[in-house]
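Just below is one structure, and these are the notes that go with it.
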Amino acid sequence: MKTYIALLRGINVGGKNALPMSELVGVLEKLGARNVKTYIQSGNVVFASPEKDVSRLSSNIPLEIKKRRGFEPHVLVLELGDIETAIRKNPFPEATNDPQTLHAGFLASAPEKPDLKRLESLKSNGERFHLIDKVFYLHAPEGIGRSKLAANAERLLGVPMTDRNWKTVCKIREMGQELI
């Protein structure tokens, strides 16, 4: 059994794409997952699975949700080691003191032609970003709610991304380590 983290994007937001966490657990269990644990209602799931093919998990989870709920969310499945590497490579360690301002955007693949110059031009006072492999780190001391950089990052990177604040990143790592 391997330990995985599934990050779902766009569920339970503003009354749209409702997916109770108990039902998400059922979806994963139907796909052979064990020890399924969720964290908050926004689609963070840690589980063990005999499945070795991450891409198969990434495609089967949204298909099963579509069968049950009629919508197909973007799902990114990571191995526990991916989360641990993202934490270890954090280029803004001093920002962990205020984990709501530090974000890790997990990318579906490494961007081939990210528009880093345009991203740089969108930064507001105090904002910093760094792209390392398939993780887009963003430190936004004023929050990401009105950040033009945060709003345009996925488009300018050119690959699907799902973002989590640092508190969530650390919590899902902790949950994953408990499964080992």
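Just so you know, all these numbers are worked out from the coordinates, no wet-lab data involved. As the structure is a computational prediction, the values presented were derived from the model and not from experiment. Every residue, glycine among them, receives a Cβ derived from its backbone with ideal geometry; neighbour counts consider all protein chains shown.
Filter the stretch 8-35 down to residues that are touching a Ser or Thr at 6+ places or on another chain (Cβ under 9 Å) and surrounded by 21 or more Cβ atoms within 10 Å (Cβ to Cβ) and give me whichever is farthest from ARG173 (Cα to Cα). Result: ILE11. When only residues in the stretch 127-180 that are among the acidic types (Asp, Glu) and crowded, with 16+ Cβ neighbours inside 10 Å count, which is farthest from THR38 (Cα to Cα)? Taking the candidates together, the pick is GLU127. Filtering THR96, THR38 for residues that are among the hydroxyl-bearing types (Ser, Thr, Tyr), in contact (Cβ under 8 Å) with a residue 12 or more places away in the chain and assigned to a helix (DSSP H, G or I) leaves a single hit, THR96.
Given the condition more than 27 Å from TYR137 (Cα to Cα) and of a type in the set (Val, Ile, Thr), answer yes or no: does some residue in the stretch 46-67 qualify? The answer is yes, given that some residue of the stretch 46-67 is more than 27 Å from TYR137 (Cα to Cα) and of a type in the set (Val, Ile, Thr).
Name the pairs whose Cβ atoms lie under 8 Å apart, with the first residue in the stretch 67-83 and among the charged types (D, E, K, R), the second surrounded by fewer than 14 Cβ atoms within 10 Å (Cβ to Cβ), and 6 or more positions between them or separate chains? Within 8 Å, the pairs are ARG68/GLU23; ARG69/ALA18; ARG69/GLU23; GLU72/LEU63; GLU72/LYS66. Considering the conditions (1) among the hydroxyl-bearing types (Ser, Thr, Tyr); (2) farther than 15 Å from LEU7 by Cα; (3) exposed (fewer than 14 other Cβ atoms within 10 Å of the Cβ), SER109 is excluded by exactly one of them, (2).
Of VAL27, VAL13, VAL75, all but one fail to be under 19 Å from THR162 (Cβ atoms) and in contact with a strand residue (DSSP E or B) (Cβ under 7 Å, 6 or more places away or on another chain); the exception is VAL75.
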